[in-house]
Amino acid sequence: GAACSSHSAKASATLSAMSVSESLSLGAVRVSLGPHNSLDEASRFGVAVSQITDDLKNMAAIAISA
C-alpha cells in the first residue's frame, strides 16, 4: 500500500505527507489490526511493543553513556 514499502530505502510518501521526518519515517513500522484480531491479541501486542521499546531505550542509554 501507499504507507509501506518493504524494499525501498526511501521514506514513505504517506509519512512524508504527514510531516514525519525522513529519519523517523525510515525506522517506522506499520501495524494493522482487523476484524479477525481479538482484543486479547491486540492487548498482548501492545504489551510486547511496550517491552521492546523499553529495551531499545535502555540499549540506547547504555550506548550513549559508553
* Asked: Among A63, T14, V31, which residue has its Cα positioned farthest towards the positive end of the charge dipole of the chain, with +1 placed on the Cβ of Lys and Arg, -1 on the Cβ of Asp and Glu, and the dipole taken about the Cα centre?
  -> T14
* Karplus 3J(HN,Hα) series, Hz, for region 24-38 with 6.51 cos²θ - 1.76 cosθ + 1.60 (x for Gly, Pro) -> 6, 4, 5, x, 6, 10, 9, 10, 10, 10, x, x, 8, 8, 8
* Please work out the ratio of the alpha-carbon Rg of the chain to 2.2 N^0.38 Å and round it to two decimals. => 1.40
* Which whole-number percentage describes the relative contact order of the chain, with Cα contacts under 8 Å and a sequence gap of 6 or more? -> 19 percent
* Structure fact -> Diffing region 45-61: the Karplus 3J(HN,Hα) column from phi (6.51, -1.76, 1.60, θ = phi - 60°), in whole Hz with x for Gly and Pro, holds 5, x, 5, 5, 5, 4, 5, 5, 5, 4, 4, 5, 4, 5, 5, 5, 4
* **Calculated FRET value between A42 and A17, using beta carbons and R₀ = 30 Å, to 0.05** => 0.65
* **Among 49-57, 9-17, the order from most to least packed when residues are scored by Cβ within 10 Å on average** => 9-17, 49-57
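Laboratory data are not the source of any read-out in this text; all were calculated from the coordinates shown. All values reported here derive from a predicted model rather than from experimental measurement. Using ideal geometry, Cβ is built from the backbone for each residue, glycine included, and neighbour counts are taken over all protein chains shown.
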